[in-house]
Protein chains: 2
Amino acid sequence: MKRIFHALLVLAVITACTGNPASETAGPQSASTNAPGCEWPKVNPDLSVEFKVELPDADKVAVDICGEIYSMSKDEDGLWTVTVDPQEPGFHYYFLIIDGKRVADPCSQHFYGCATMASGIDIPEAGCDFYLPDGNVPRGEVRRERYWSRVEDGARVCYVYVPAEYGQNPLKRYPVLYLQHGGGEDETGWIRQGKTDVIMDRLIAQGLAEPMLIVMEFGQSGGDFGKILLEETIPMIDSKFRTIADSRHRAMAGLSMGGGQSWSIGLKHPEVFANIGIFSSGMFGGVRYAPFDLETELPELLADPAAFNDNLDLFYISCGETDPRITHTQAAVETMREKGAEIHFSAFPGGHEWQPWRKSIHEFAQLVFKNN
Amino acid sequence: MKRIFHALLVLAVITACTGNPASETAGPQSASTNAPGCEWPKVNPDLSVEFKVELPDADKVAVDICGEIYSMSKDEDGLWTVTVDPQEPGFHYYFLIIDGKRVADPCSQHFYGCATMASGIDIPEAGCDFYLPDGNVPRGEVRRERYWSRVEDGARVCYVYVPAEYGQNPLKRYPVLYLQHGGGEDETGWIRQGKTDVIMDRLIAQGLAEPMLIVMEFGQSGGDFGKILLEETIPMIDSKFRTIADSRHRAMAGLSMGGGQSWSIGLKHPEVFANIGIFSSGMFGGVRYAPFDLETELPELLADPAAFNDNLDLFYISCGETDPRITHTQAAVETMREKGAEIHFSAFPGGHEWQPWRKSIHEFAQLVFKNN
């Protein structure tokens, strides 16, 4: 990619949050993710969370939030209650454990995560509104597309974010980002947990991101996913939407498992994708993963760094600062850079969580499709 | 409306199911509504349902299906199990009751119903495939539309079914059906539980229904819903989509509470809607409802039956044969007919349930927008 242009791009990126201190809240607030009519869980000003549920006949109740288990105890009204430690800002899955059974809290909206229907809680971040609804920007649509997969011999569903201007420009064609969820999640995650539609509406309205289509597929189809994406999803999207059907105007990005797929499917098909985003992937090595070996993983870079870079308009990698994957990710980025790879790397506060992923798509969207 | 044309229409309608006897199944089948990887609940050939869950530490477990409570008992493997009576074909909400707490089953997909996130089970109906995916028909889209409501001063979401041909006919304009969910449900119900997109794809492909847009809104906004629909939703849809923006090409229909809204909002605004569908509404009187008084409810019919009929192209009413609402609905239909109202009335097997509603939209869609 053109270094100078890239340098300008980096300057053009706006950071997700102002970092302003928390605005004083009038004590505990019901979470924005609660079900209608439910007062608890409540987020306290210090971001600790109070849970309170009515379970008159249960013997043992606990809250499981991000894998941390907190036992609940009965208060004077006979309600089970616990206040859990201050949480990182952003979206977290949680469950109630009722006499040993982990279930979604009826007082929360439900989200597909942890490979099941989970409750979720959104912890606000001070000075951060880039993913919150704005009454004053034109809104894109999210379209639910059903199509028949010959690979699976069954019906599949994907979601497509369509920018607000799409309908007003009947002759204009658009670049496409294929954006994948993480392990144990599905094609609804980037909209429901990630707020990608809200983030894109705001960036496009501000002129900070190119209007683009964003396709969100279900990635847990085993080894077939690459085949489905390349042979069925992309042709379907290119035939149904006004796309610019070439690699420079096509991107693949994803979080965690989806980041690994952006590498194994996206980066391995430069004739299809010239823009790659890898958010919080474990593929760079670590406790649960094989060591990252450039020789095996990216021989094309070693063979011809110039050609490797020329094939890519954007090679973006990000990770949460407290994500266990950060060390190996940074090391891999360094190794690839030493061999001449041009990489845009960012670390965001937080762990293996949605807030860094919201910030990753917010930044990636400002960088991609700019030098066409 | 034109009687003769209407008579022809009635002939043109195809019934939803062949009524063929059940095809022999190889014993119990995991429900189509189960979460990925979950074997139970299983539907037996006689439509009884076997539930089996692992709850080692629970003292008391039960299944609540359609309000019927079945206690579970531990089997030899220490799993809680129960086989419930044969169920009516169609979609039913259910819950697990774990030591007194009613929660959604993690082994089911979750649906918004009964005013909470519920588990659901789809019981197949022999000879009935009008709502099952067909690999050979062009598929419409469901678009998630976010817009700002001044009435509520907040963001709202509605879903819009867009027929497959919409994108191929950039100059063609389409009629619009506003289709409302029932009490305790939301704007996702007609697609997720009702399979309206699948039903419409098949009818349109067979040439049995006019290609139309179907808008599904959230109706539980108190007294404001009529104001929001008439002053905000309809203008938004007419500006964003290629609609035919007149009463003859606009319909309102709904189930249960949504049927009452089709009466109180739709039928009361003939200048906006010339097509009305009321499915399984309690508004015609009964135990939980005030008696139906034509004088109060429909003075315009008594005042001028001819004008009343001329304002409507379709006045459709349906109810489940075993729905407690059927008696009062039939009586009200008779009363209105005696006063000269032209009404298409249908009763379908089943109670206050989704299968009659799937059959109602399947029939309504074949009758509406035909004589324009």
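Considering every residue in B:108-121, what mean count of other chain Cβ atoms within 10 Å of its Cβ is obtained?
That average works out to 3.
Given bins 10 angstrom wide, list per bin the percent of all Cα-Cα distances in segment B:211-251, short to long.
P(r) over segment B:211-251, rounded to whole percents: 26, 55, 18, 0.
Can you list the distances in nanometres, one decimal and ascending, from the A:Gln29 label point to the identical position in each other copy, with the point 7 Å along Cα to Cβ?
Counterpart label points of A:Gln29 in the remaining copies fall at 4.9 nm.
Among all the lysines, which ones have a C-alpha under 26 Å from A:Lys268's C-alpha, if same-chain residues fewer than 8 places away are not counted?
A:Lys2, A:Lys227, A:Lys240, A:Lys339, A:Lys359, A:Lys370
Assume the label is 7 Å from Cα along Cα to beta carbon: what separations in nm does B:Pro291 have to the matching positions in the other copies?
In nanometres, ordered from closest: 8.8.
Treating only the Cβ atoms of Lys and Arg (+1) and Asp and Glu (-1) as charged, compute the dipole magnitude of chain A about its Cα centre; round to the nearest 20 debye.
Values: 32 positive and 52 negative charges, 254 e Å.
Dipole magnitude for chain A comes out near 1220 debye.
Rg and Dmax of segment B:94-145, Cα atoms, in Å?
So, for segment B:94-145, Rg and Dmax equal 15.7, 48 Å respectively.
What does the convex hull of the Cα atoms of segment A:29-123 come to per residue, in Å³, rounded to a whole number? Mind showing how you got there, number by number?
Working: hull volume 8.9 nm³, N = 95.
Cα-based convex hull of segment A:29-123, divided per residue, equals 94 Å³.
In segment B:29-123, how many lysine pairs have Cα atoms under 14 Å apart, counting only pairs 8 or more places apart or on different chains?
The number of close lysine pairs in segment B:29-123 is 5.
Per residue and in Å³, how big is the convex hull formed by the alpha-carbon atoms of segment B:259-372? Show your work: numbers first, answer last.
Numbers: hull volume 10.5 nm³, N = 114.
Output value, Cα hull per residue: 92 Å³.
Would you compute, from DSSP H runs of 4+ residues alone, the mean residue ellipticity of chain A at 222 nm, taking -39500 (n - 2.57) per run and dividing by the full residue count, rounded to the nearest 500?
So the calculated ellipticity at 222 nm is -6000 deg cm²/dmol.
Starting from the exponent 0.38 and prefactor 2.2 Å, build the expected Rg for segment A:181-340 from its residue count and divide its actual Cα Rg by it.
1.05
Quote the Stokes-Einstein diffusion coefficient, in whole µm² s⁻¹, for the protein assembly as shown, based on the Kirkwood radius over alpha carbon pairs, a temperature of 10 °C and a viscosity of 1.306 mPa s.
The calculation lands on 57 µm²/s.
For peptide A:96-107, what's the mean number of Cβ atoms from other chains within 10 Å of each residue's Cβ?
The per-residue average across the peptide is 6.
Defining the label point at 7 Å along Cα→Cβ, can you sort the distances from B:Arg337 to the same site in each other copy, shortest first, in nm?
Here B:Arg337 shows inter-copy label distances of 8.0 nm.
Over segment B:63-221, what number does the Rg to Rh ratio reach, with both radii from the alpha-carbon atoms and Rh per Kirkwood?
1.06
Charges only on Cβ, +1 for Lys and Arg, -1 for Asp and Glu: so what's the dipole of segment A:29-123 about the Cα centre, in debye to the nearest 20?
On the way: 6 positive and 16 negative charges, 58 e Å.
Magnitude of the dipole: close to 280 debye.
Other chains near B:138-144: what is the mean number of their Cβ atoms within 10 Å of each residue's Cβ?
6
Could you order the peptides B:339-345, B:357-363 from most to least packed, using the average number of other C-beta atoms within 10 Å per residue? Each step should come with its number before you reach the end.
Details: B:339-345: 16.7, B:357-363: 27.0.
Peptide ranking by packing, descending: B:357-363, B:339-345.
Return the unpartnered cysteines for chain B, using a Cβ-Cβ cut-off of under 4.7 Å.
Those would be B:Cys66, B:Cys114, B:Cys158, B:Cys319, since no other cysteine Cβ in chain B comes under 4.7 Å of theirs.
Determine, for each peptide in B:220-226, A:255-261, the mean count of other beta carbons within 10 angstrom over its residues, then list the peptides with the highest first. If you can, show how the numbers build up before the last one.
Working: B:220-226: 13.6, A:255-261: 26.3.
For the peptides B:220-226, A:255-261, the packing ranking is A:255-261, B:220-226.
Hey, got a sec? Which trypsin sites (Lys or Arg not before Pro) in segment B:111-209 land in a DSSP loop and have at most 16 other Cβ atoms within 10 Å?
Those that pass, being in a loop and sparsely packed, are B:Arg150, B:Lys172, B:Arg173.
I'd like the Karplus ³J(HN,Hα) series for segment A:334-342: coefficients 6.51, -1.76, 1.60, θ = phi - 60°, whole numbers in Hz, and an x wherever there's a Gly or Pro.
Couplings: 4, 4, 5, 5, 4, 7, x, 6, 8 Hz.
How large is Rg over Rh for chain A, taking Rg from the Cα atoms and Rh as the Kirkwood inverse mean of 1/r across Cα pairs?
Numbers: Rg = 21.5 Å, Rh = 21.8 Å.
Ratio of gyration radius to Kirkwood radius: 0.99.
Values quoted throughout were computed directly from the atomic coordinates according to the rules given, and no laboratory measurement underlies them. These figures come from a predicted structure and were not determined experimentally. Glycine gets a Cβ as well: all are built from the backbone with ideal geometry, and neighbour counts include every protein chain shown.
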